[in-house]
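Okay, structure first, notes after.
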Amino acid sequence: MKGHIFQLAKNIPANRLWLVFLRVGISSVAIIHFAALQGDFNDLFSQDSFVSPDISDALKNQLLPSFYSISHVTSKIFGIGYSALLLTVRIVYPIALLSVLVGFLTRFSALLSLLLQLLILNSMGLYTYGADVFTTIGLFYCSVFPVGKDASLDHLLFKKPVITTHLNKFLLIFRIHICLIYFFSGFEKLLGYNWRNGESMWKMVHAYNVLPSVDLDFLARTPLFLIAGWLVIALEMLYPLFINITKTRRTWLWLVVSFHIAIAFFMGLYFFSALMIVFNLTAYYIPFISHKNNSDGPANPDAFHDGPLALFI
Amino acid sequence: MPVENQAGRFLPAILSQKNRKKLINAWGIFHITCIILVCSYSIYHKYCRFYKIKENGLVKNINTTLLFNVPMLYYGKFSGTESGYGFFAPNIKSGGIIAGDCDGKKIYARFNNFETAMRFSILSSRITDYLITRTDSTDSLNINLKEKYYNLVFKNIAVKIYNQNRCRQDTLYMSYNIIAYPSLRQYRQGQRGYQLQKIKEIRIVKQ
């Protein structure tokens, strides 16, 4: 099985492998993330939830519908009530994500997944966090980029020709987005004095620690928290620079991946971290994997080396 | 008029290779510009809020004109670029805990998995954050409406926790609490242990 997957990956031209990785990575994490909610699904969405749907609906984004607002319409027209609608979405959303995963009607499935994900988020506005935003970003790119052209059912069934002219542009846009995310995240931390004096790291260790057995209080008199705070700021703010320099790219990539692994295990933000790792590997690791049977000509993974604006000219 | 592209397929003229290139270029520039604008304003807004500085009217107006219109709001929503990415910044919010007293015991919301428990803690922290910063707003109507709304949310949660824990008492006390840890400086000065600071309490009576 492992050998088969490896063979499949080898058959994909190097400059398109990142698209497959993005599709599979985002859809896999989104499926597992949605599955993780199933045990308490009714406590979040049903009429008997912590915040009942009518109350939750009052704070929803008015641009998009929620389960509650749609159920008003569907119950009048089709006789489909709130519970039936909830069940429908509960079944259709993972199917749509599975279709993205296997690359079946990929663009349509990604768009459907995106719409359903936004509907779910709009129905649980008070419970949303960073991982949800990054799932939206991932599904949006799966809807825009030609992610279903390789290693997909679409490729097997429809045999559509692959137009590779703009792939480096797509990669560049994706990379710029990731770089901006890290830069602004670091910059915002820099503005808060608590990140500069170590207090934020100290607070994080206590208020967001899901590993109570790990007690770092004995380090309070050392400058560790101060240094850690500055390291996080530097890692994020300097990301756009060092990730795009060939010599430092690999080091910075593994530093950032390690940083997200630490966040996952220390703060319990497993899905947020998984998504960020998928984004990083998609942008700065997978495009640099090259293999001999590259039928599509050489990849241009160093999109930035031509100058960021070169691809737009 | 149809034209032939590189792949030898006939496409409408608007999707010819040249136009496709222009379209992707235009979208790319638009997309990146949106992200930069949204993130820049988000930083400025959070900075002003954190340091209690009044926002510059011109900056606010430009942001409202450029980004706070229906097409842009839709675009931001669908592309995940509607808000900035400064998580846990500029400051880390205090963790909030919702706890009740029933039959002489502390009761909490119950979950079957970690992910939902974490999402609930986000809800708690969000409400706690509102309770702490509610007086910052100058819009009294907004404050009043939000106060009523969060009271409703609070009561809803209280009833659910009451039912989940099969509480037999007729009266339930439910409170929002902040876990107050000593700061790094306080800890160095010898202050140890944490306190649960009650910031709001309500009484639910079974009828």
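The values are calculated or read from the model by the stated rules, or taken from the named source; none is laboratory data. Please read these numbers as outputs of a predicted model, since none were measured by experiment. With ideal geometry, Cβ positions are generated from the backbone for all residues, glycine too; neighbour counts draw on all protein chains shown. Side chains are part of the model used for accessible areas, which takes the heavy atoms of the whole protein and leaves out ligands, DNA and RNA. Shrake-Rupley method; radii C 1.70, N 1.55, O 1.52, S 1.80 Å.
Assorted remarks:
- If the condition is being free of Cβ contacts under 8 Å to residues at least 24 places away in the same chain, closer than 23 Å to A:Ala36 by Cα and either buried (at least 18 other Cβ atoms within 10 Å of the Cβ) or more than 7 Å from chain A (Cβ to nearest Cβ) (or both), then region B:71-100 contributes only B:Gly80.
- Residue list for region B:47-70, restricted to those being open to solvent by 60 Å² or more (accessible area, probe 1.4 Å), free of Cβ contacts under 8 Å to residues at least 24 places away in the same chain and more than 9 Å from chain A (Cβ to nearest Cβ): B:Ile53, B:Lys54, B:Asn56, B:Leu58, B:Lys60, B:Asn61, B:Ile62, B:Thr64, B:Thr65, B:Phe68
- So A:Glu236, is it over 21 Å from the mean Cα position of the chain (by Cα), among the charged types (D, E, K, R) and either open to solvent by less than 60 Å² (accessible area, probe 1.4 Å) or under 30 Å from A:Val147 (Cα atoms) (or both): no
- Elements of type helices (runs of 4 or more DSSP H) contained in region A:175-257, each with 3 or more residues being more than 10 Å from chain B (Cβ to nearest Cβ): A:224-237, A:239-242
- Qualifying positions in region B:73-129 - assigned to a loop (DSSP other than H, G, I, E, B) and either within 12 Å of the chain's Cα centre (by Cα) or among the acidic types (Asp, Glu) (or both): B:Glu82, B:Ser83, B:Gly84, B:Tyr85, B:Gly86, B:Phe87, B:Phe88, B:Lys93, B:Asp103
- If you go through region B:22-46 and keep only what is within 7 Å of chain A (Cβ to nearest Cβ), at pLDDT below 95 and surrounded by fewer than 18 Cβ atoms within 10 Å (Cβ to Cβ), you end up with just B:Asn25.
- Note on region A:30-58: among residues that are more than 8 Å from every other protein chain (Cβ to nearest Cβ) and of a type in the set (Phe, Trp, Tyr), the one that is nearest to A:Ile70 (Cα to Cα) is A:Phe45.
- Cβ pairs under 9 Å, 6+ apart, first in region B:132-151 and outside any helix (DSSP H, G or I), second modelled with pLDDT of 65 or more and basic (Lys, Arg): B:Ser137/B:Lys146
- Among the residues making up region A:258-288, a single one is outside any helix (DSSP H, G or I) and in contact with a Leu (Cβ under 7 Å, 6 or more places away or on another chain): A:Tyr285.
- Residue pairs meeting the criteria (Cβ under 6 Å; at least 6 apart or on separate chains; first facing chain A (nearest Cβ under 7 Å), in region B:101-114; second aromatic (Phe, Trp, Tyr) and exposed (fewer than 13 other Cβ atoms within 10 Å of the Cβ)): none
- The set of residues in region A:59-118 being among the polar types (S, T, N, Q), within 14 Å of another protein chain (Cβ to nearest Cβ) and surrounded by 17 or more Cβ atoms within 10 Å (Cβ to Cβ) consists of A:Ser66, A:Ser113, A:Gln117.
- Subset of region A:154-174 that is assigned to a helix (DSSP H, G or I), open to solvent by less than 30 Å² (accessible area, probe 1.4 Å) and more than 30 Å from B:Arg119 (Cα to Cα) - its residue that is farthest from the other protein chains (Cβ to nearest Cβ): A:Asp154
- Filtered by the rule that a residue be more than 7 Å from chain A (Cβ to nearest Cβ) and either among the aliphatic types (A, V, I, L, M) or farther than 17 Å from A:Ala36 by Cα (or both), region B:115-134 gives B:Ala117, B:Ser124, B:Ser125, B:Ile127, B:Thr128, B:Asp129, B:Tyr130, B:Leu131, B:Ile132, B:Thr133, B:Arg134.
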